[in-house]
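Okay, so here's the structure we're looking at.
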Amino acid sequence: MTQREDFLGGLHFDGPREARPGPDPGIVRYYPVEPGRERVVLGWHLGGALLGVVAAGFAAFAWGYGIDQLDEVRARGLVALGLAGLLVGLVCAGKLSPAAPLTAGITAITCSVVYELGFVTLLPVLRGVFDSGASIFAGVLLVVSAFRRR
């Protein structure tokens, strides 16, 4: 087997070790790229944390409203549930700080625990969200996704 038959199309990663002047056609080299040292800005994390808390609150209201409207006006309920999913998806987007899904998940878990212990009475629209226990599941998934992004 010759060197040109190593990979399809004659591509191979390492050419001969001897130095040759000029580019050699047919050889494609992939050099490892050193990761740059990115400065982590505190404002980026604070903005992500604020966005996570706000998005968790709006998603909870949209989720509760969507569950409430599924019996009466199905289309309106589905749109509200889609909006809640969109907000959670935006929080988990890769361009934001990992603090966004972390704070959204911690907020969801904390609100669920506080509701279960009976310390706070919630609005009627939010009772369906926290009675189901799915908010704890969503909170845990958000926290796990935040740690996967680090």
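In table form, for the structure just shown:
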| item | result |
| --- | --- |
| Options PHE130, PHE147, PHE137, PHE119: the member that is open to solvent by less than 40 Å² (accessible area, probe 1.4 Å) and of a type in the set (Phe, Trp, Tyr) | PHE130 |
| Selected residue (criterion: most open to solvent (accessible area, probe 1.4 Å)) from residues of region 59-112 that are among the basic types (Lys, Arg) and under 17 Å from GLY128 (Cβ atoms) | ARG74 |
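The values are calculated or read from the model by the stated rules, or taken from the named source; none is laboratory data. Computed from a predicted structure; not experimentally measured. Don't worry about glycine lacking a Cβ; one is built from the backbone with ideal geometry, like all the others, and counts go over all protein chains shown. Ligands, DNA and RNA are excluded from the accessible area calculation, which covers all protein heavy atoms including side chains. Shrake-Rupley method; radii C 1.70, N 1.55, O 1.52, S 1.80 Å.
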